């Protein structure tokens, strides 16, 4: 089943207990199957991911979120911050990598949903702005600003969470 | 305060700009420390996410449950073969046959490859990976551009810019003939540290070029030189890749 991993990955990053990612994906595949006649386009991935997202919203009791027109500006929006973390050393133990993955996962989960989903769609699924706009129903400009915010928040939290000396790299 | 060009720099990083806009950003970044730092940040954030963040894959149990529920919904097993068998029995069991056809069609839909804008990137990346994985990385071994260039003249219909930038860390190791989207392409191969950098060159058509693209950690930088399209591909860092592109651009004035 093509794009099933992408569907599941998105569902996992969106859903939280008691909402179950398995149920969302299963429902999404059924909906995709029964509504493919309405699909007009050349690329099935954004189409399927939009269905996954709608299934998630249904599961949490929101039919379709109103377009979040305002992106609140707060502390960590500095887009032009200097590079805040360096590349990892090559000879890194599996344990450290695992620990980093877990910590990074926690940070992503802690991002507001609007930001989390654009980050997952852009960086993990490599989708274009247009495709992300199609999936989330947000205008492209909003996709861009959310993406900028999400990346800045992730970077800032990754650094400030860093065990040891967080400012060593600056 | 972030630079007012920050959004455009981000779009550039995401490969969303056309060639002219990308050039404008590149020029801006040369004089804007904030945007240069932003690009470095975006790159390290991307590297972090793509190399470290958990990617959740559907396990076999879930695949099985979905297959079963699709089968119940369609009244047929969700395998294309069974679905096609259903088509043969169309007259006998119209409902389940139609459902099976629908299922086969829906799966076919989902199997459609990435959108056309990405086809070129995919093609170049595939050619690059194919060469890396086979022993067919280099057709002509040479650290001398005076050997490489005539070789291309005899084996491809393009004459790519080639130079040895060993002093800057990019060693010319040779060239090969390859194909990109059905066109013959010349590939100049460089070595940078432990990394191989392929520089593809082919006759420009009406393709729409991204400026940069990233696939599974490999980077591509596209640009035009005269009537040639060039694309540098490698798993080296984007900055290192851009460094080589800069050197090639400096030494190759557009073909007169």
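The values are calculated or read from the model by the stated rules, or taken from the named source; none is laboratory data. Predicted model, so just to flag it, every value in this text is computed and none were measured. Every residue, glycine among them, receives a Cβ derived from its backbone with ideal geometry; neighbour counts consider all protein chains shown.
Quick one: in region B:194-211, of everything that is in contact with a helix residue (DSSP H, G or I) (Cβ under 7 Å, 6 or more places away or on another chain) and at pLDDT below 85, which residue is nearest to residue B:12 (Cα to Cα)?
B:211
Any residue in region B:233-241 that is out of contact with any strand residue (DSSP E or B) (no Cβ under 7 Å at 6 or more places or on another chain) and assigned to a strand (DSSP E or B)?
no
Looking at (1) in contact (Cβ under 8 Å) with a residue 24 or more places away in the chain; (2) on the phi < 0 side of the Ramachandran plot, which one does residue B:246 not meet, given that it meets all the others?
In the conditions (1) in contact (Cβ under 8 Å) with a residue 24 or more places away in the chain; (2) on the phi < 0 side of the Ramachandran plot, residue B:246 misses (1) alone.
Identify the residue in region B:175-188 that is touching a residue at least 40 places away in the same chain (Cβ under 8 Å) and assigned to a strand (DSSP E or B) and, among all such residues, is surrounded by the fewest Cβ atoms within 10 Å (Cβ to Cβ).
Out of the qualifying residues, it is B:179.
Since residue A:21 meets every condition but one in (1) under 30 Å from residue A:159 (Cβ atoms); (2) at pLDDT below 70; (3) surrounded by 15 or more Cβ atoms within 10 Å (Cβ to Cβ), which condition does it not meet?
Residue A:21 satisfies all of (1) under 30 Å from residue A:159 (Cβ atoms); (2) at pLDDT below 70; (3) surrounded by 15 or more Cβ atoms within 10 Å (Cβ to Cβ) except (2).
Being at the interface with chain B (Cβ under 7 Å from one of its Cβ atoms) and in contact with a helix residue (DSSP H, G or I) (Cβ under 8 Å, 6 or more places away or on another chain) is the filter; apply it to region A:2-18 and report the residue that is modelled with the lowest pLDDT.
By that ranking, first place goes to A:2.
For region B:50-67, check the following and say yes or no: at least one residue is modelled with pLDDT of 90 or more, facing another protein chain (nearest Cβ under 7 Å) and under 24 Å from residue B:242 (Cα atoms).
No, because not a single residue in region B:50-67 is modelled with pLDDT of 90 or more, facing another protein chain (nearest Cβ under 7 Å) and under 24 Å from residue B:242 (Cα atoms).
Here are B:145, B:191: which of them is surrounded by 14 or more Cβ atoms within 10 Å (Cβ to Cβ), within 22 Å of residue B:247 (Cα to Cα), in the same structural domain as residue B:232 (by TED's automatic domain parsing) and modelled with pLDDT under 85?
After applying the criteria, what remains is B:145.
Are any residues in region B:12-35 in contact with a helix residue (DSSP H, G or I) (Cβ under 7 Å, 6 or more places away or on another chain), at the interface with chain A (Cβ under 10 Å from one of its Cβ atoms) and in a helix (DSSP H, G or I), and if so, which ones?
B:13, B:35 - these are the residues of region B:12-35 that are in contact with a helix residue (DSSP H, G or I) (Cβ under 7 Å, 6 or more places away or on another chain), at the interface with chain A (Cβ under 10 Å from one of its Cβ atoms) and in a helix (DSSP H, G or I).
Looking at region A:24-59, which of its residues are surrounded by fewer than 17 Cβ atoms within 10 Å (Cβ to Cβ), farther than 22 Å from residue B:71 by Cα and either modelled with pLDDT under 85 or at the interface with chain B (Cβ under 7 Å from one of its Cβ atoms) (or both)?
A:40, A:41, A:42
Condition test on residue A:128, is it modelled with pLDDT under 90 and not assigned by TED's automatic domain parsing to the domain that holds residue A:12?
No; evaluated as a whole, the condition is false for this residue.
Cβ-Cβ under 6 Å, sequence separation 6+ or interchain: first residue in region A:97-112 and closer than 12 Å to residue B:51 by Cα, partner part of a helix (DSSP H, G or I). Which pairs?
Between residues of region A:97-112 that are closer than 12 Å to residue B:51 by Cα and residues that are part of a helix (DSSP H, G or I), the close pairs are A:100/B:52; A:101/B:52; A:104/B:52.
If you go through region A:115-141, how many residues are surrounded by fewer than 19 Cβ atoms within 10 Å (Cβ to Cβ) and more than 16 Å from residue B:10 (Cα to Cα)?
2
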